[in-house]
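Trainee: Before I ask anything, let me first share the structure, which is written out below as C-alpha cells.
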Amino acid sequence: MLQSTLFRLLGFVFIGLAFTTCKRDDDGTAPDTSINLFSVQKDIDLGMQLRDEIAANPTEYPVLDETQYPDAYGHLRRIRDEILNSGEVKYKDDFEWEVYIIQDDNVLNAFCAPGGYIYVYTGLIKYLTSEHELAGVMGHEIAHADRRHSTDQLTQQYGLSILLELALGENQGLLSDVAANLITLKYSRNAEVEADDFSVVYLCPTDYMADGAAGFFEKLEAQGQGGSTPAFLSTHPSPDSRIDNIKDKRTELNCTGTEVDGQYQDFINSLP
C-alpha cells in the first residue's frame, strides 16, 4: 500500500513537470518553467477566500463602498478593462478580475490575489500623477495573478503536503491555511522580473505608455532614499535595475503609446 502511494506521488510530480516545463511564450518573455500543483480553479477559490477575509476585516482593510463611490470604481474598471482587452492576458476570461479600493492615504500599495481580485489603495492613486503609471502598477499586479505567481510560491511552500492531500483526499481546511499567507507573500526575484515584463506586454497594445510602471518605481526609489520605506517595498524588492529593464522592454517591443492623463485628476477627485 505504501509503495503504491509513493508511485502515485511520483506520478503527480512527473506529470506536473511534463506540463509545466514545455510551455513557451511568443511575446519575448521567458518561458514559464514553474511547477504549480494548484488547478486554475484553486487560484479562483483562494482569491475568493482572501476576498471574503478582507471583507470581514474592515478595520484593517477599509474597502470603499461602490454604491457611495461609483465614479471612482468606474475609473478603476476603465483602466482594468484597457489592460484586459489588450489581448495579452492569458486568463482574461477565466479569472474574476474584480476591483476594490482600500481607503488609506498613507499606504502606497496594490495587490492582486489569485483568480484576479485586484486591490488598490487610495494612497497609491493619489501619490501618482499619471494614469499610465497606475496602469503600469495594475499591469504588474495583474501579471502576478495571470502568471499564477502566488500559487507557484505556495506550491514551493506546501508542495509535499498538497501532493499528500491529492493522493489521500483533500483537506477541506487547506484554503484557509494558505490564504492567510497571500497578502504578505513575497515573490521571487524571477517572478518580479516577469511581472515587470508583462506589465509592458499588457500595456503595449493600448494607448498607455507601456513603461508606466517605471515611473512608479522611480518615485518609490526616490522616496526610499529620502524617507521611510513605502509599504509596496515590504512585499516587493527594491527597484534597482528594474526601471531600466522596464524601459528596455518597451523599446524591445517597439511600443508606441503616449501619456493618457486626461481623466486621472477626475479619478483622484472622485475619492474621499
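The values are calculated or read from the model by the stated rules, or taken from the named source; none is laboratory data. Everything numeric in this text was worked out from a predicted model, so none of it was measured. Backbone-built Cβ (ideal geometry, glycine too); neighbour counts: all protein chains shown.
Trainee: Among the residues of region 68-79, is there at least one that is outside any helix (DSSP H, G or I) and over 23 Å from L185 (Cβ atoms)?
Mentor: yes
Trainee: With the checklist (1) at pLDDT below 95; (2) assigned to a helix (DSSP H, G or I); (3) touching a Phe, Trp or Tyr at 6+ places or on another chain (Cβ under 7 Å) in hand, flag the one item V107 doesn't pass.
Mentor: The one condition V107 does not meet is (2).
Trainee: Sticking with this one: Answer with yes or no whether Q49 is at pLDDT below 95 and loosely packed, with under 12 Cβ neighbours inside 10 Å.
Mentor: Working: at pLDDT below 95: yes; loosely packed, with under 12 Cβ neighbours inside 10 Å: no.
Against the criterion (at pLDDT below 95 and loosely packed, with under 12 Cβ neighbours inside 10 Å), Q49 does not qualify.
Trainee: Specify which of the listed residues (D81, D71) is surrounded by fewer than 14 Cβ atoms within 10 Å (Cβ to Cβ) and in contact (Cβ under 8 Å) with a residue 40 or more places away in the chain.
Mentor: Every option except D71 fails the conditions.
Trainee: Among the helices (runs of 4 or more DSSP H) contained in region 166-272, which hold 1 or more residues that are at pLDDT below 85, on the phi < 0 side of the Ramachandran plot and crowded, with 18+ Cβ neighbours inside 10 Å?
Mentor: Those helices (runs of 4 or more DSSP H) span 174-179, 212-226, 232-235.
Trainee: Still on this structure, please answer the following. Would you confirm whether or not region 119-126 contains a residue that is of a type outside the set (D, E, K, R) and in contact with a Ser or Thr (Cβ under 9 Å, 6 or more places away or on another chain)? Don't jump to the end; show me each part of the working.
Mentor: Residues of region 119-126 of a type outside the set (D, E, K, R): 119-125.
Checking the rest, the ones that are also in contact with a Ser or Thr (Cβ under 9 Å, 6 or more places away or on another chain) come to none.
No: zero hits.
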